[in-house]
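A short reminder: the numbers here are calculations on the coordinates, not readings from a lab. From a predicted model like this one, the values you see are computed outputs, not experimental measurements. FYI the Cβ positions are ideal-geometry reconstructions off the backbone, even for glycines, and counts take in every protein chain you see.
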Amino acid sequence: MSLRVLVVEDDRQIRALLQSSLGVEGFEVQTAVSVSEAAAMLQHSLPDIVVLDLGLPDGDGIDLVKQIRRQHSLPILVVSARHQESEKVKLLDAGADDYLTKPFSVVELLARIRVSLRHRGTALAPATTLHEFEDLRVDLETRLVTVKGAPIHLTPTEFKLLARLARSAGKVVTHRQLLVDVWGPEFTGYSHYLRLYMGQLRAKIEADPAEPCHLLTETGVGYRLAAG
Ligand code: CA
C-alpha cells in the first residue's frame, strides 16, 4: 500500500512540482491550498505525513501544526521561505518534525520525508494535552508547567523532554526514542545530554530529586513519567 502525503501549499507551481515528484516516488498525494481546507481533509482521513507551507492565504502554517499536534502524532515536515532560526525553533517546538528552507531540492525533500517516517517509531499517544499527577501539572498546549500550583520555568529543551514523556505518560520511553524526538535522529549516541537534562528537570520538578516520584528511571531502558 502506498504511503499518503498531504501537501498543504498555496503556490500552484510548487504544489504541482510536489504532487508530481512525490507521485513518481510512489506516494499517494493529496493537496490542500489553505489551513481550513487542510483541517477539513484531516477530519476525514489521516495521511502518513504532512508537508506544509507556512504562508497560507487564510493563516499561518504553524497554527495547523499546533492544531494537528493536539490530536495526532503523524509527522509534519515544514517547507518555507522563512530563514530565521527563531522561526524554526518555534515550529519544532510546536511539534513540526523537520524544516526545509525554500528553495529546496526534491531529492532533499524526499530524503527528509523518509527520515521523518523512519524515525517516527511507535506512535505517540494522541490527544494528550494535559498531564496531571499529584503535585505536577503539564499543559502541553499553553506550555505551562506547575508544581503545587506554582509555575516552573523550563528551558525549551527541558520542556520538550518533559512534553515527550507527558505524551507517553505512564509508559516507558527509551533513551533512543527520547534522543531522537527531543534532539534529533543524529543524536542517538548523546545519552549524556539526556542524563544532564533529566537531572535539571528533576531539580525543578521533584520534591526530592534523589527520590523522584514523577520522572522515573527504567534502568537500562529509558524514563517514564508517572501517571495516575
Ligand atoms: Ca505560501
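I'd like the full set of residues that are touching a residue at least 40 places away in the same chain (Cβ under 8 Å) and outside any loop (DSSP other than H, G, I, E, B), limited to the stretch 128-158.
131, 132, 133, 136, 145, 147, 156, 157, 158
Give me the pairs, please: first residue somewhere in the stretch 55-75 and under 18 Å from residue 87 (Cα atoms), second residue anywhere and among the polar types (S, T, N, Q), beta-carbon distance under 8 Å, and either six or more positions apart or on two chains.
Final answer for the pair search is 55/80; 56/34; 59/34; 59/36; 61/80.
Looking at the stretch 198-214, which of its residues are surrounded by fewer than 20 Cβ atoms within 10 Å (Cβ to Cβ) and either within 29 Å of residue 115 (Cβ to Cβ) or aromatic (Phe, Trp, Tyr) (or both)?
Passing the criteria: only 200.
What are the residues in the stretch 53-90 that are within 16 Å of the ligand (Cβ to nearest atom) and over 21 Å from residue 31 (Cα atoms), if any?
Answer for the stretch 53-90, where residues must be within 16 Å of the ligand (Cβ to nearest atom) and over 21 Å from residue 31 (Cα atoms): 82, 83, 87.
Only residues that are assigned to a helix (DSSP H, G or I), among the hydrophobic types (A, V, I, L, M, F, W, C) and within 15 Å of the ligand (Cβ to nearest atom): list them for the stretch 1-23, please.
Keep residues of the stretch 1-23 that are assigned to a helix (DSSP H, G or I), which gives 12-23.
Next, only the ones that are among the hydrophobic types (A, V, I, L, M, F, W, C) stay: 14, 16-18, 22.
Hits for the stretch 1-23 are 14, 16, 17, 18.
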